[in-house]
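**Student:** Just passing along the structure, written as structure tokens.
Values in this text are rule-based calculations from the coordinates and carry no lab data. Bear in mind the structure is a predicted one, so any value in this text is a computation, not a measurement. Virtual Cβ from ideal backbone geometry, glycine too; neighbours counted across all protein chains shown.
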Amino acid sequence: MSDANKEALEPITGIESPVYLDYNFTAGQATARFLTKVKEGKLVGQRCPSCRNVYIPPRGACAACGVATNEEVELPHKATVQSFTIVYIPIPGNPIKPPYVIANLVVDGANISFLHLLSECKNEDVRIGMRVEAKWKDPSEWGFAMENIQYFAPIDEPDVPAEEIGRLKDA
Amino acid sequence: MSAQAEVLQQAFTLGFTYTRTTGLVVGRFLTALRDRKIVGIKGSDGKVIVPPMEYDPVTAEALSEFVDLPDTGVVKTWAWVKHPRGKHHLDKPFAWAQIQIDGSDIPMIHMVDAGDESKMSTGMKVKVRWAEETKGFITDIACFEPA
């Protein structure tokens, strides 16, 4: 580069300083089992032998009781909105166009929520207690991932009172 | 009861794509690097600090007296890296070193490409190996090498 060109350069006022953390995630036994069932189009949680709570995705142990969870429970594909947020900021690499709704969903029969997308409704109509159902992708697209469910969509059922969400247990 | 599932693994990268404003002092240091020059800054006690600091380490007053420095220095202490990792900037064994640039009083950390650990010693003279293309970043100093 000639000196004349260098003089034309602006002073440095900013730098890019990204940090990239490279992981190799190994799913434990419980997560691997769960994802294997998701690949078959099933939602399978685990029940704590002590407090009877049902966890999905299962982690192989009950965080409250500190005991292993072995009993598998296949759950239905209907859920209740426990909480939600409307995302307005685009996330690099995410193909979904904002604004969209991300919700904590409690599947019927479970006592813990997981995050997933809500769609087929107006964002302003989403509310806590709203009833929804999983919309699965075509089985040819299923892999070891919760993305097998494209999103959850509202169903015509009465709202669940907030204090009951995730609290129901089988005897 | 749950049966044994196959082991599932997936590689993924979590990226924090930060951009930072440099401020005038560090910006001037980086701009000088782009021109293959090193500038430090003089503190209230007369010591020359490089990379330059915005504020005096003793009095906390803003600093502004820049000092042009050569691209040579002395190794004050060092640690040899036998097995460089993927994110290191050199793909062969090298030394991390505290290098005191000639004319400065505070060492800075950078790499020394000495080829072999036996070539490293405290007090050795080194000089900058400039990157082939400079862009206004600390890596414009590709590394130091024995002088």
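**Student:** Within 10 Å of each candidate Cβ there may be at most 13 other Cβ atoms; applying that plus a DSSP loop requirement, which trypsin sites (Lys or Arg not before Pro) in region B:58-116 survive? Walk me through the intermediate numbers first.
**Tutor:** Working: sites: B:K76, B:K82, B:R85, B:K87; in loops: B:K82, B:R85, B:K87.
Counting only loop positions with at most 13 other Cβ atoms within 10 Å, the trypsin sites (Lys or Arg not before Pro) in region B:58-116 are B:K82, B:R85, B:K87.
**Student:** Could you list, bin by bin from short to long, the percent of Cα-Cα pairs of chain B in 5 Å steps?
**Tutor:** Values per bin, smallest distances first: 2, 9, 16, 17, 16, 14, 9, 6, 3, 2, 2, 2, 2, 1, 0.
**Student:** On to the next question. Once the convex hull of the C-alpha atoms of region A:68-171 is built, how many Å³ does it hold per residue, rounded to a whole number?
**Tutor:** Values: hull volume 15.1 nm³, N = 104.
So the per-residue hull volume is 145 Å³.
**Student:** Just counting partner chain Cβ atoms within 10 Å, what average do the residues of peptide B:29-37 show around their Cβ? Intermediate values should be presented prior to the final figure.
**Tutor:** Numbers: counts 1, 5, 5, 2, 1, 5, 4, 1, 0.
Mean inter-chain Cβ contacts per residue within 10 Å come to 3.
**Student:** Separate question: Any chance you could check the Cα centroid distance between region A:125-171 and region B:1-52 for me, in angstrom?
**Tutor:** So the two Cα centres are separated by 43 Å.
**Student:** Over chain A, calculate the relative contact order: mean separation of alpha carbon pairs under 8 Å at least 6 apart, over the residue count, as a percent.
**Tutor:** 20
**Student:** Okay, moving on. What percent does the relative contact order of region B:23-146 come to when contacts are Cα pairs within less than 8 Å and at least six residues apart? Can you show the working numbers first?
**Tutor:** Working: 280 pairs, mean separation 30.3, N = 124.
Normalised by residue count, the contact order of region B:23-146 is 24 percent.
**Student:** Let me ask something else about it. May I ask for the equivalent-ellipsoid semi-axes of region A:30-97, computed as the square root of five times each C-alpha gyration tensor eigenvalue and listed largest first in whole Å?
**Tutor:** Semi-axes from the Cα gyration tensor: 28, 15, 13 Å.
**Student:** Follow-up question, since we're still on this one. Give, in whole angstrom and from largest to smallest, the semi-axes √(5λ) of the equivalent ellipsoid of the protein assembly as shown, with λ running over the eigenvalues of the Cα gyration tensor.
**Tutor:** Result for the protein assembly as shown: semi-axes of 58, 25, 19 Å.
**Student:** Rounding to the nearest 10 and keeping the result within 0 to 90°, find how far the Cα-based axis of helix A:29-38 lies from the longest principal axis of chain A.
**Tutor:** Tilt of helix A:29-38: around 90 degrees.
**Student:** To one decimal place, what orientation-averaged projected area in nm² is obtained for the convex hull of the Cα set of region A:1-149?
**Tutor:** 14.7
**Student:** Follow-up. Looking at this model, which pairs from B:K37/B:K127; B:K92/B:K125; B:K37/B:K92; B:K37/B:K119 are more than 18 angstrom apart at the alpha-carbon?
**Tutor:** Details: B:K37/B:K127 12 Å; B:K92/B:K125 21 Å; B:K37/B:K92 26 Å; B:K37/B:K119 26 Å.
Among B:K37/B:K127; B:K92/B:K125; B:K37/B:K92; B:K37/B:K119, the Cα-Cα distance tops 18 Å for B:K92/B:K125; B:K37/B:K92; B:K37/B:K119.
**Student:** Now for a separate question. How far is helix B:23-34 tilted off the main Cα axis of chain B, in degrees rounded to 10, range 0 to 90?
**Tutor:** 90
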